Ligand code: NA7
């Protein structure tokens with residue numbers, strides 16, 4: 001901790017608001033509450049620095065999949081003018097520098113307490129306050145409790161027998177050592193081929209003696225075509241910030257591109273191929289914007305899937321490896337679509353091998369490596385778990401959050417998360433969950449989703465204070481209708497067809513299978529939230545306490 005950040009406050013200090021987490025969401029929430037509303041607010045952050053996801057995820061190749069000029073706050077024109085991104089897709093250290101710059105520029109650090117993990121947060125209806133205890137025993141209270149804990153922050157480390165016997169070192173990508181890991185001369189095994197694993201493979205392969213990739217589910221990936229930003233592009237992005245902001249706020253996924261308004265079947269086979277070739281050459285997530293129906297019509301999706309499988313076969317020279325990598329079992333983009341910098345090409349290296357866990361699952365970890373069910377022991381010095389996260393609910397449920405009458409959030413969500421707008425949970429007054437389950441969050445460019453939630457929450461609190469109201473709580477029937485709507489929105493797409501995706505919670509054994517993010521699109525969601533406000537916070541009970 002540097003001296004610039006806040007130390008622990010006096011025992012029992014009463015704040016207007018406590019915010020958990022100092023990533024994109026927590027930083028901006030603090031700014032809104034403190035500087036725009038004049039509240040006493042404090043951020044409690046488990047990490048030793050600000051940055052959230054970007055503080056923890058320092059694995060080799062860690063990079064954002066959103067283009068840098070869109071992976072930015074858009075609330076401040078001055079901030080947009082000041083900051084210069086260097087690459088099309090920013091690397092983790094650059095994003096961390098950006099978030100530190102934001103913390104300094106807006107003088108946020110004095111209200112951020114680092115190295116402070118929240119252990120419990122209990123609502124007491126007798127005083128209408130949240131009573132928060134940290135792992136180190138400090139106690140604070142607040143009228144409003146706002147979670148800014150991120151959607152992908154609770155590591156999923158699979159329970160593979162024998163891990164405790166492993167004689168080498170092992171790491172999860174989401175908790176990477178700050179001093180880095182030296183792979184030189186090492187035999188490395190990587191489990192997991194999601195967005196993270198796909199970024200890590202080429203970088204680890206370039207320094208390790210040998211890399212063995214353990215693939216359970218084959219994945220599509222589009223080349224990122226990352227490159228330094230030209231001066232011309234930087235000038236254009238600054239000059240057109242208002243237009244970029246408008247595009248990001250008016251489309252489905254919060255990215256700075258528009259989804260084409262044509263069906264994959266409005267064009268001939270040759271035209272479609274040419275469109276995919278151009279999108280492949282351009283690179284990035286925009287590939288899925290080639291046609292409007294890729295996520296709603298299986299036949300349309302099949303055309304993209306076939307194109308991408310063929311690309312894998314063209315790139316990967318060894319037909320066995322190519323076959324394993326191209327054996328993808330779900331429609332394109334129904335799991336989070338990765339983008340890469342040389343992923344498939346890495347399998348052409350002599351020092352990279354591939355194990356198909358569908359054919360030969362992992363049996364156990366031995367002191368010397370990983371043994372698969374064919375009896376082969378793959379000798380390893382280092383195991384990298386690129387195995388993802390207990391997404392969207394894990395970080396919330398890791399805190400002992402209790403609402404009215406001591407109801408644990410874990411119990412309220414036993415059958416899966418139930419929220420109103422992803423913002424509030426019935427029975428948990430004055431608790432706001434930024435990018436919570438039931439909001440677009442991970443289906444959107446995150447800073448866009450975060451800014452909308454943070455501003456909605458700040459406006460809501462301002463509305464309450466202006467009227468002397470001190471308690472807001474989602475009504476159970478509003479939660480019921482919203483959960484139904486979230487399910488309908490998912491069912492209108494192909495997204496639920498990837499039966500083992502983390503969108504569904506299917507990557508964590510025992511987790512209820514519920515499609516968690518709102519698939520109705522960010523623009524539509526923004527309108528719904530605005531409509532709720534226009535109708536006097538429809539679906540919420542607002543009260544003055546004591547009454
Ligand atoms: P993901 O997308 O959840 O990927 C995790 C990968 O790890 C995926 O390939 C999993 O296979 C694999 N996995 C998980 N558990 C196991 C076990 N027990 N055995 C073998 N393989 C396993 O996480 P990422 O970190 O890549 O990406 C998370 C998000 O961060 C990403 O989508 C971006 O939004 C940023 P599976 O597919 O479950 O068969």
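The values are calculated or read from the model by the stated rules, or taken from the named source; none is laboratory data. Owing to the predicted nature of the structure, the values given are computational and were not obtained by experimental measurement. Methodologically, a virtual Cβ is constructed for each residue, glycine included, from the backbone with ideal geometry; neighbour enumeration extends over all protein chains shown.
Do we find a residue being in contact (Cβ under 8 Å) with a residue 60 or more places away in the chain and within 16 Å of the ligand (Cβ to nearest atom) anywhere in the stretch 79-92? Scanning the stretch 79-92, I find at least one residue that is in contact (Cβ under 8 Å) with a residue 60 or more places away in the chain and within 16 Å of the ligand (Cβ to nearest atom), so the answer is yes. Looking at residue 208, is it away from the ligand (no atom under 16 Å from the Cβ) and crowded, with 21+ Cβ neighbours inside 10 Å? Criteria met by residue 208. Close contacts from the stretch 500-521, counting a first residue that is without any contact (Cβ under 8 Å) to a residue 24 or more places away in the chain and within 19 Å of residue 159 (Cβ to Cβ) and a second that is assigned to a loop (DSSP other than H, G, I, E, B) and within 11 Å of the ligand (Cβ to nearest atom), with Cβ to Cβ under 9 Å and a gap of 6+ residues or different chains, come to 506/498; 506/499; 506/500.
Quick check on the stretch 167-183: of everything there that is within 12 Å of the ligand (Cβ to nearest atom) and surrounded by 19 or more Cβ atoms within 10 Å (Cβ to Cβ), which residue is farthest from residue 356 (Cα to Cα)?
176
Look at the stretch 41-56: where a residue is over 24 Å from residue 457 (Cα atoms) and a partner is in a loop (DSSP other than H, G, I, E, B), sitting 6+ places away or on another chain with Cβ atoms under 6 Å, you get 48/114; 48/115; 55/47; 55/49.
Condition test on residue 116, is it in contact with a strand residue (DSSP E or B) (Cβ under 7 Å, 6 or more places away or on another chain), modelled with pLDDT of 95 or more and surrounded by 22 or more Cβ atoms within 10 Å (Cβ to Cβ)? Explain how you work it out, then say what you get.
On the way: in contact with a strand residue (DSSP E or B) (Cβ under 7 Å, 6 or more places away or on another chain): yes; modelled with pLDDT of 95 or more: yes; surrounded by 22 or more Cβ atoms within 10 Å (Cβ to Cβ): yes.
Answer is yes for this residue.
Which residue, of 395, 474, 466, 458, is within 30 Å of residue 38 (Cβ to Cβ) and without any contact (Cβ under 8 Å) to a residue 40 or more places away in the chain? Full working, then the answer.
Values: 395 fails: without any contact (Cβ under 8 Å) to a residue 40 or more places away in the chain; 474 fails: without any contact (Cβ under 8 Å) to a residue 40 or more places away in the chain; 458 fails: without any contact (Cβ under 8 Å) to a residue 40 or more places away in the chain.
Exactly one residue qualifies, and that residue is 466.
A single member of 322, 327, 299 is in contact with a helix residue (DSSP H, G or I) (Cβ under 7 Å, 6 or more places away or on another chain), at pLDDT 95 or above, farther than 18 Å from residue 519 by Cα and surrounded by fewer than 22 Cβ atoms within 10 Å (Cβ to Cβ), and it is 322. Looking for something in contact (Cβ under 8 Å) with a residue 60 or more places away in the chain, more than 26 Å from residue 498 (Cα to Cα) and away from the ligand (no atom under 16 Å from the Cβ) - is there at least one such residue anywhere in the stretch 184-200? Yes, the stretch 184-200 contains a residue that is in contact (Cβ under 8 Å) with a residue 60 or more places away in the chain, more than 26 Å from residue 498 (Cα to Cα) and away from the ligand (no atom under 16 Å from the Cβ). What is the one condition in (1) farther than 25 Å from residue 443 by Cβ; (2) in contact (Cβ under 8 Å) with a residue 24 or more places away in the chain; (3) touching a helix residue (DSSP H, G or I) at 6+ places or on another chain (Cβ under 9 Å) that residue 223 does not satisfy? For residue 223, the failing item is (1). Every condition in (1) within 25 Å of residue 67 (Cβ to Cβ); (2) touching a strand residue (DSSP E or B) at 6+ places or on another chain (Cβ under 7 Å) is met by residue 207 except one, and the failing one is (1). Looking only at residues in the stretch 479-501 that are modelled with pLDDT under 95 and under 21 Å from residue 414 (Cα atoms), the one that is nearest to the ligand (Cβ to nearest atom) is 500.
Can you tell which of 503, 518 is within 20 Å of the chain's Cα centre (by Cα) and assigned to a loop (DSSP other than H, G, I, E, B)?
Details: 503 fails: assigned to a loop (DSSP other than H, G, I, E, B).
From the options 503, 518, the qualifying one is 518.
Of note, residue 137 does not satisfy the criterion of being surrounded by 15 or more Cβ atoms within 10 Å (Cβ to Cβ), away from the ligand (no atom under 16 Å from the Cβ) and more than 28 Å from the chain's Cα centre (by Cα). Of the strands (runs of 3 or more DSSP E) lying entirely inside the stretch 334-412, the ones with 1 or more residues being within 11 Å of the ligand (Cβ to nearest atom) are found at 352-356, 362-366, 369-372, 382-385.
Scanning the stretch 297-333 for residues that are under 27 Å from the mean Cα position of the chain (by Cα) and assigned to a loop (DSSP other than H, G, I, E, B) turns up 297, 327, 328, 329, 330, 331, 332, 333.
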